[in-house]
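Asks: My questions all concern the structure below.
The values are calculated or read from the model by the stated rules, or taken from the named source; none is laboratory data. Bear in mind the structure is a predicted one, so any value in this text is a computation, not a measurement. Because the Cβ atoms are built from the backbone with ideal geometry, glycine has one as well, and the counts that use them run over all protein chains shown. Accessible surface areas use protein heavy atoms only, side chains included; no ligands, DNA or RNA. Shrake-Rupley method; radii C 1.70, N 1.55, O 1.52, S 1.80 Å.
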Amino acid sequence: MEMDYLKEFIVFSKTMSYSKAASDLFMSQPTLRAHMKAIEEEIGSPLTYRRQERTDLSPVGKLLLKKAEEIVAYTEDALAECREYAKSVSSLLVSDLGYPPFVEALTETKHAYSKAYPGKYIELRLSSGMGSNLESVESGKVDLALFSYIREDPDRCVVELPGLPSHVRAVYYGAAEMFFWASKENPIFDKDGIKAADLSGQTLVVGHSENMARAGRLVSCAFEAKGVSIGVSECPFSSYSEYRISGTGETFGITHREPMASNRGLRIFRVEDMPAWSDLFVLVNNQTVTQFGMDFLNLLQSRESD
């Protein structure tokens, strides 16, 4: 049943006149009558009866009037409460790059936010998709994204991200060592002390984004500097989990997760003779992020500065 029909019925019941109610509602009589007829058909009983040139509400009409007034009042109260609540709450969709230290930082910043802004609440939702790239921030697919910018020189820190559009802000988050992953099908899966030469002839799998393509080129050049040739394959993935389990045979990929021994078909390792580092940035679209988001990002930035 349409809420507007109930409101129209309440107005009609005050005068029991279609002409007066239609005038008060700025609508035609035929339209109002059609709406009242629709209510009657849905209930299965007439709302009015006419006797001795007088129109009155039927017993069902009287009950509906009582319930309609309660429903409308409750709805208006609920909307007012929600509008007021909307002034103090917001939600951020964050792409975390599958990087556990950043997730921990988000949790701590959320706690700091509640202290810094009492009475306000911010909900954090972590995106499971491949959203840690400039394209996702620009298009509004995510609100914040942890962005990994691989260094051309492992010893040279990059604190300002080049080539950003004017409406995208990049906050420097810190440096992180870059590691690699391999699936159980890879011959190096159980090998200790992996070096660049051990990956000769293998294929580096990267996601389908501008930054990942750049990463593929830089990693390939780093291997070339060691006299090792690898291939690079760009593939679209729906999530970082899918990316990390995509390896088949002699393929490997990039990750910021800490090295670990073989576990459940996945091996994360560093290439011992080829150090690789990234500078991490938090990207935000200044045109779409709310003030809540900006305040949260500023707290995150100050936390990392400390």
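Asks: Suppose we filter the stretch 150-175 for residues that are small (G, A, S) and either crowded, with 17+ Cβ neighbours inside 10 Å or assigned to a loop (DSSP other than H, G, I, E, B) (or both); how many remain? Explain how you work it out, then say what you get.
Replies: First pass over the stretch 150-175, keeping only residues small (G, A, S): 163, 166, 170, 174-175.
With the extra rule that they be either crowded, with 17+ Cβ neighbours inside 10 Å or assigned to a loop (DSSP other than H, G, I, E, B) (or both), the set shrinks to 163, 166, 170.
Adding up the residues that qualify gives 3.
Asks: So, in the stretch 18-52, of the ones that are open to solvent by 40 Å² or more (accessible area, probe 1.4 Å) and part of a loop (DSSP other than H, G, I, E, B), which residue ends up farthest from Y5 (Cα to Cα)?
Replies: Q52
Asks: Within the group G174, G216, G163, G253, which residue is closer than 28 Å to G140 by Cβ, within 23 Å of the chain's Cα centre (by Cα) and not basic (K, R)?
Replies: G174
Asks: Now a separate question. Being open to solvent by 20 Å² or more (accessible area, probe 1.4 Å), of a type in the set (D, E) and assigned to a strand (DSSP E or B), is that true of even one residue in the stretch 130-149? Before you say what the answer is, go through the steps one by one.
Replies: Filtering the stretch 130-149 for residues open to solvent by 20 Å² or more (accessible area, probe 1.4 Å) gives 130, 134-135, 138-141, 143, 149.
Of the ones still in play, those that are also of a type in the set (D, E) are 135, 138, 143.
If we keep only those that are assigned to a strand (DSSP E or B) too, we end up with none.
No - not one qualifying residue is present in the stretch 130-149.
Asks: Here's a follow-up. What is the one condition in (1) at pLDDT 90 or above; (2) within 16 Å of R270 (Cβ to Cβ) that Y172 does not satisfy?
Replies: Of the numbered conditions (1) at pLDDT 90 or above; (2) within 16 Å of R270 (Cβ to Cβ), the odd one out for Y172 is (2).
Asks: Same structure, new question: Residue by residue through the stretch 189-242, note down the ones that are free of Cβ contacts under 8 Å to residues at least 60 places away in the same chain and among the β-branched types (V, I, T).
Replies: Hits for the stretch 189-242 are T203, V205, V206, V228, I230, V232.
Asks: Quick check on my filter: what residues within the stretch 74-124 are part of a helix (DSSP H, G or I) and open to solvent by less than 30 Å² (accessible area, probe 1.4 Å)?
Replies: Taking the stretch 74-124 as the starting set, the residues that turn out to be part of a helix (DSSP H, G or I) are 74-86, 100-116.
Matches in the stretch 74-124: F102, A105, L106, T109, Y113.
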